[in-house]
């Protein structure tokens, strides 16, 4: 039994989405799940990067949900082509891939968000809503892995010295150990 649609927030316009996913069952499931949200309208779907580009160039959606593992032209290539022609279209990578190379390459290709396919539909709808207003988003499970890419120097002093002294004066010896 399908639930009542979640209405758009006051003053919010409907966000047009194109789904590019090679597995039909996944595409249908995404469309069905997203149709529960009144602020989202699926205006097209495609099973390959090439077919996706045709629909995207014709429909000019606000957001594209892009799989990485597409036949022929992969999701990264398709994302780059979208961003070249329509930089205002936001691309959300929706994939089962968690490798750091793919995360980095996705953002490098122009994607604004990276979601894993096990995401809850209501969270995906919120990601879509926030991305439509310019926010970036990364799946928390992937974010943990991505944060490990940044080196953490042991004695980094990132605050100006006067602020550091002031803050250090407020910390206990135990807190200073970290």
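When the range 53-70 is filtered for residues that are touching a helix residue (DSSP H, G or I) at 6+ places or on another chain (Cβ under 8 Å) and more than 19 Å from residue 136 (Cα to Cα), the ones remaining, listed by number, are 53, 56, 57, 69, 70.
Every condition in (1) at pLDDT below 95; (2) closer than 30 Å to residue 67 by Cβ; (3) surrounded by 10 or more Cβ atoms within 10 Å (Cβ to Cβ) is met by residue 122 except one, and the failing one is (1). Taken together, 45, 77, 50 contain a single residue that is modelled with pLDDT of 95 or more, touching a helix residue (DSSP H, G or I) at 6+ places or on another chain (Cβ under 7 Å) and in a helix (DSSP H, G or I), which is 77.
Would you mind stating whether residue 72 is over 19 Å from residue 107 (Cβ atoms), modelled with pLDDT under 95 and either crowded, with 18+ Cβ neighbours inside 10 Å or over 18 Å from the mean Cα position of the chain (by Cα) (or both)? Spell out how you get there, then give the answer.
On the way: over 19 Å from residue 107 (Cβ atoms): yes; modelled with pLDDT under 95: yes; either crowded, with 18+ Cβ neighbours inside 10 Å or over 18 Å from the mean Cα position of the chain (by Cα) (or both): yes.
Yes; evaluated as a whole, the condition is true for this residue.
In the set 102, 88, only one residue is surrounded by fewer than 21 Cβ atoms within 10 Å (Cβ to Cβ) and part of a helix (DSSP H, G or I); that residue is 102. Applying the criterion of being over 9 Å from the mean Cα position of the chain (by Cα) and surrounded by 15 or more Cβ atoms within 10 Å (Cβ to Cβ) to the residues of the range 127-147, the residue that is modelled with the lowest pLDDT is 146.
The values are calculated or read from the model by the stated rules, or taken from the named source; none is laboratory data. Since the structure is predicted, the reported quantities are computational estimates derived from the model, not experimental observations. Glycine also receives a Cβ, built like all others from the backbone with ideal geometry; neighbour counts cover every protein chain displayed.
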